[in-house]
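Beneath this line is the structure, given in structure tokens, with notes to follow.
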Amino acid sequence: MTGTRVRLMAALPVAAVAAVAGIISYTHIYRLALAEGQTPFDSRLFPFAVDGLIVAGSVALYRATSGQPWLGWLGVGPGVLATLYANVESGISRGVLAAIVAGWPAIAFALASFLFEQSFKPGRGQIPATVAMRGQCGHVMTGDAESVTVGMYLHQRDCLGVTPSMRQLSATSGLSRHKVAGLVGALAGSGAAA
């Protein structure tokens, strides 16, 4: 099986947990909004504003290649707090145990959403398929993460006239900046960008 198929197969149970927890959480938030005087129409939409914030934040975390993952956390953090509060509040009138049971779907949904997003990110040392290629000038950019990182550095430096930063190479390869610096440090000389 290819790496993509394995990741997809691993993501299916996580997606199932997120779907079930999301449906239960939707019901809790819908009933709470209705009980608090929201119109039936608004109450049907309200769960999307709460749990949808977690999904939007998770997508932003997945897409955070510009070094600004905090933007995703702006959605995930408040979304988790709001859904946990709404779900616990929906069960608190029946006691502490009922509140804990009612709050569990919020935790399951948030964690499953985050895990689902993470399951599609390249693993450490695993190069995304879009980078595994041969440069037109002959630099080889296939193989393990270390080989591809060196190939990308040489291609950008020699063929494109650009000196890539260790941060860019690290983000693309999934390797730590320290590891990247060790791989291309001698090639970069003293003028390497951090």
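The values are calculated or read from the model by the stated rules, or taken from the named source; none is laboratory data. All figures in this text were calculated on a predicted structure; none of them were measured in a lab. Positions of Cβ are backbone-derived with ideal geometry, glycine not excepted, and every protein chain shown enters the neighbour counts.
Numbers for the structure displayed
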read-out	value
Scope the stretch 34-45; condition over 18 Å from Ala98 (Cα atoms) and part of a helix (DSSP H, G or I); matching residues	Leu34, Pro40, Phe41, Asp42, Ser43, Arg44, Leu45
Answer from Leu74, Leu34, Leu61 - the residue that is over 30 Å from Ser165 (Cβ atoms) and of a type in the set (A, V, I, L, M)	Leu34
Those residues of the stretch 151-182 which are buried (at least 20 other Cβ atoms within 10 Å of the Cβ) and farther than 22 Å from Ser119 by Cα, in sequence order	Gly151, Met152, Tyr153, His155, Pro164, Met166, Val180
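Residue-by-condition table, conditions (1) at pLDDT below 75; (2) under 22 Å from the mean Cα position of the chain (by Cα); (3) not assigned by TED's automatic domain parsing to the domain that holds Arg63:
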| site | (1), (2), (3) |
| --- | --- |
| Gly143 | yes, no, yes |
| Leu154 | no, no, yes |
| Ser170 | no, yes, yes |
| Lys179 | no, no, yes |
